[in-house]
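Right, one structure below, let's go through it.
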Amino acid sequence: MTVPPEISRSKYVRLTTYRKDGTPVATPVWHVTDGRDLLIISELDTWKVKRIRNDSRVEVQVCNVRGRTAPDAPSARGTARLLDDAETRQVRRLVARKYLLSRVGNWLAKVVRLRRPETIGIAVSL
């Protein structure tokens with residue numbers, strides 16, 4: 001299934017992952033689409049990545065930068081998978097192309113030689 005256009009066009013989505021006890025945890029994230037999957041980049045040691053390793057069920061919903069959603073905001077359920085290094089590099093490029101702030105942050109980190117945390121790509125199939 002492809003990503004619904006309302007979700008694909010949005011600036012942010014609220015990614016909901018599930019703890020071992022089934023409690024949902026929502027986080028606003030940047031995203032891009034490759035036609036079939038919703039692609040997200042995250043630091044490797046975040047809790048959402050750990051939760052995806054335990055339970056691949058996720059839900060995405062259009063939101064604002066603070067993670068707030070409108071009552072009629074489009075949402076979809078799906079499964080997430082963690083990407084390998086080559087796929088993660090591609091997701092980073094796609095995110096940087098869509099979000100100016102990502103490009104600025106990457107450039108600044110390169111200029112001042114900051115050590116960046118290791119990242120991992122997440123593909124969500126809806």
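Quick note: the coordinates plus some simple rules give every number you see, no bench work behind them. This is a predicted model, so every value here is computed, not measured. When we count neighbours, we look across all protein chains shown, and the Cβ atoms used for this are built from the backbone with ideal geometry, even at glycine.
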Problem - Cα-based reach from K48 at 15 Å (exclusive), listing aspartates and glutamates while leaving out same-chain residues under 8 positions away - result: D21, E59, E118
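Could you give the length gained by full extension between R57 and K20, i.e. 0.36 nm per residue of separation minus their alpha carbon distance, to one decimal place?
Numbers: separation 37, 0.36 × 37 = 13.32 nm, distance 1.14 nm.
Extra length from R57 to K20 when fully extended: 12.2 nm.
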Problem - Whole-Å semi-axes of the chain's equivalent ellipsoid (Cα gyration tensor) - result: 23, 17, 14
Problem - Acute angle (nearest 10 degrees) that the helix 100-111 long axis makes with the longest principal axis of the chain, alpha-carbon atoms - result: 30 degrees
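What net charge do the residues around V65 carry, taking every other residue with its C-beta under 11 Å from that of V65, with Lys and Arg at +1 and Asp and Glu at -1? Don't skip to the end; give the middle numbers.
Details: positive: K11, R14, R66, R68; negative: none.
Cβ neighbours under 11 Å give a net charge of +4.
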Problem - Straight-distance crosslink candidates among aspartates and glutamates, where the alpha carbon sits under 18 Å from K98 and sequence neighbours closer than 8 are dropped - result: E6, D34, D37, E87
